[in-house]
Amino acid sequence: MAPPRKLHIKSYGCQMNVYDAQRMVDVLTPEGFVETANVDDADLVILNTCHIREKASEKVYSELGRLRLARDEAAQSGRRMQIAVAGCVAQAEGEEIVRRAPVVDVVVGPQSYHHLPQLLARADAQGRALETEFPVEDKFGFLPQPAPATIRARGISAFVTVQEGCDKFCTFCVVPYTRGAEVSRPVAAILADVERLADNGVREITLIGQNVNAYHGDGPDGRAWTLGRLLQRLAAVPGIVRLRYSTSHPNDVDDDLIAAHRDLPALMPFVHLPVQSGSDRILAAMNRKHSAADYRRVIDRFRAVQPQIAFSSDFIVGFPGETELDFAATLALVTQIGYAGAYSFKYSPRPGTPAAEMPEMVPAAVMDERLERLQQLIDAQQSAFNKAAIGQTVDVLFERAGRKPGQIVGRTAYLQPAHVFPGDFLGPGMSPDALVGQVLPVRIDSLERYSLLGELAATPPQHARPLAATGA
Ligand code: SAM
Ligand code: SF4
């Protein structure tokens, strides 16, 4: 039997890339590959790239420069290292990568990575292989399922793609060009994935999609199901205790999704709802098709059914033509909403998008200064949100042993890391790992940077005992 070949995948960007990287491992495992954390040891290195901002794609070319040296060194010791570029830079710049980086053997877009084994074989035969078409077949139908041991090794929290691509065409964004048109997976396929994950120890599922709440997959009744309806069905899967979804568009928040937040205890009260700007003039130029007031109304609808709900968002500063007045409207919106956290970015012109052609680029120094002010405001809100947990008893889903002996780490409903020493809570001889996968109440005592520190609330819930006693 041939010795296993070693595979190293480096992923950039969004959650979907994290998910895709795992699925690439699933495709290559039956081909005899095993993962390695050490890039210099690898027989195949895949860069799973992000094209959302210029900085993200430039990183790929500098990484390819480093890989050329690693590959030369491997060649000197008689070993062949193959290099593949996957993800959205591969999709957007396929031919350009081949021209700029001769070290690359395979270029594969995000809709074609199920063809990786064939592409590697083609690169062996012809020197190089490039595939960036959007194939007609559904890649999910071709992706092998991970083995139970692999699912367990990946932990108790998993991403599941339910929707891909986007038809919204915000004027700054490359996603509709790199990920293609919006497509939803059928309910039955998603349900089968979630049941398999749950059977193998997964307790928390995050449904992902570029525009996840535009979900409209075929249901078992022959009708298109909404995301709210899908969540309702998945909440009934035995073993699943937490559900999340990301990333949503304000215009696709419908009554079913609001009802899901009202009715499903498993659906976490934490929603990532990007708004990008608080200025109606800029929102129109971005083609967001909603105003700041529309966005506030959507937030109010969530809050009306779920008072515990908290929000995060994405912002772009320095979109072409953004004035100080427009930026002040963004600060005002952030102040009005009050976020648990948010990502903010300087506008980055992306080739081929309408905004890249717009006049009135905001000078870099102005962008820097606005970004700094916005981030200060968001940081202050995030820190107030985290501080508010001190003295409260909150539910924590435990994920893994902590770095310190006897410590265990989990997350709150709002994804805040929570560190606990379970100590006396555990029976004699039990390791804290016995709590992995359980949701337990934790009294929060203090905050260390972004992490909450606390103690397990004195009385363990009844459901904790049998699991802990069996060491499950
Ligand atoms: N689909 C989501 C939405 O509707 O907002 C987000 C998609 S994108 C992968 C993630 C974030 O990157 C966006 O919300 C936006 O804030 C940021 N982004 C996208 N294009 C950008 C650009 N050209 N320059 C700066 N930031 C950008
Ligand atoms: Fe990009 Fe999101 Fe707009 Fe779609 S909705 S174009 S993914 S920012």
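The values are calculated or read from the model by the stated rules, or taken from the named source; none is laboratory data. Model, not experiment: these values are computed from the prediction. Glycine also receives a Cβ, built like all others from the backbone with ideal geometry; neighbour counts cover every protein chain displayed.
Any residue in region 170-185 that is farther than 15 Å from ILE52 by Cβ sitting within a Cβ distance under 8 Å of a residue that is modelled with pLDDT under 90 and within 11 Å of ligand 1 (Cβ to nearest atom)? List the pairs, counting only those 6 or more apart or interchain.
none
Step by step: first the residues of region 216-272, then only those that are small (Gly, Ala, Ser) and not in a loop (DSSP other than H, G, I, E, B), then the one that is farthest from GLU204 (Cα to Cα). Which residue is that?
That would be ALA224.
Restricting the search to region 273-293, which residues are outside any loop (DSSP other than H, G, I, E, B) and in contact with a strand residue (DSSP E or B) (Cβ under 6 Å, 6 or more places away or on another chain)?
GLN276
Residues that are buried (at least 18 other Cβ atoms within 10 Å of the Cβ) and on the phi > 0 side of the Ramachandran plot: does region 270-277 have at least one?
yes
How many residues are away from ligand 1 (no atom under 13 Å from the Cβ) and touching a residue at least 40 places away in the same chain (Cβ under 8 Å) if we restrict to region 286-297?
Of the residues in region 286-297, 3 are away from ligand 1 (no atom under 13 Å from the Cβ) and touching a residue at least 40 places away in the same chain (Cβ under 8 Å).
Away from ligand 2 (no atom under 16 Å from the Cβ), out of contact with any Lys or Arg (no Cβ under 6 Å at 6 or more places or on another chain) and farther than 22 Å from ASP26 by Cα: is that true of ARG154 in this structure?
The answer is no for ARG154.
Identify the residue in region 170-212 that is in contact with an Asp or Glu (Cβ under 7 Å, 6 or more places away or on another chain) and in a helix (DSSP H, G or I) and, among all such residues, is farthest from ligand 1 (Cβ to nearest atom).
Looking at residues that are in contact with an Asp or Glu (Cβ under 7 Å, 6 or more places away or on another chain) and in a helix (DSSP H, G or I), I get VAL187.
Output the number of residues of region 296-330 satisfying the condition of being surrounded by fewer than 15 Cβ atoms within 10 Å (Cβ to Cβ) and under 15 Å from ARG281 (Cβ atoms).
Number of matching residues: 4.
Take the residues of region 340-395 that are of a type in the set (Lys, Arg) and touching a strand residue (DSSP E or B) at 6+ places or on another chain (Cβ under 7 Å): which is surrounded by the fewest Cβ atoms within 10 Å (Cβ to Cβ)?
Going through the qualifying residues, I end up with LYS387.
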